[in-house]
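Working notes for the structure below.
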């Protein structure tokens, strides 16, 4: 009789180990879900507090491009927004950028690693919020901004210093909570 129990225990051992392992994984997963994330899209990037990188960009077909000097020369705060026609979050943030533009913020667009004709079509589909658009065909300017992807936005003060950085699509809630206070500070 003890031999039969011993064989049954040996047969059930792998199943019991699998069940216990599954319970342990569920407990670990639940614990990880309670740990707050430390990354925020408005977390300061490496450029915040530093002078805007020097650049010169060609414009879209038939349009002038712009330079870092142009951004600083306005004497006002401005927002540099990297976007691409193939980027869904770029399309979703367009109404937020349009609101900011209508409230008087100068928004400079950088079409990132995109075909200029595709960018022109994209801007026809969304209400174009940009003062000017420059083309970063190779991604070189994006690298100087330490760009992680598109969209990303950089708030530049009157002196050409980057004051704020947002990685990802800018939602209305994100703009009101994180960007609007920066704008009212009027650096």
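Just a few scattered comments:
- Just so you know, in the range 127-159 the residues that are over 16 Å from the mean Cα position of the chain (by Cα) and surrounded by fewer than 17 Cβ atoms within 10 Å (Cβ to Cβ) include one that is nearest to residue 91 (Cα to Cα), and it is 127.
- Residue selected from the range 160-186 under the condition in contact with a strand residue (DSSP E or B) (Cβ under 9 Å, 6 or more places away or on another chain) and more than 30 Å from residue 120 (Cβ to Cβ), by the criterion surrounded by the fewest Cβ atoms within 10 Å (Cβ to Cβ): 185
- Residue in the range 99-108 that is more than 15 Å from residue 170 (Cβ to Cβ), buried (at least 17 other Cβ atoms within 10 Å of the Cβ) and in the same structural domain as residue 72 (by TED's automatic domain parsing) present: yes
Conditions (1) in a loop (DSSP other than H, G, I, E, B); (2) modelled with pLDDT under 95, marked per residue:
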site: 91; (1), (2): no, no
site: 98; (1), (2): no, no
site: 110; (1), (2): no, no
site: 114; (1), (2): yes, no
site: 118; (1), (2): no, no
site: 134; (1), (2): no, no
site: 147; (1), (2): yes, yes
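- For residue 118, the requirement of being loosely packed, with under 15 Cβ neighbours inside 10 Å and closer than 26 Å to residue 171 by Cα is met.
The values are calculated or read from the model by the stated rules, or taken from the named source; none is laboratory data. Note that the coordinates shown come from a computational prediction; the quantities given were computed from them, not determined experimentally. Note that we place each Cβ from the backbone using ideal geometry, even for glycine, and neighbour counts take in every protein chain shown.
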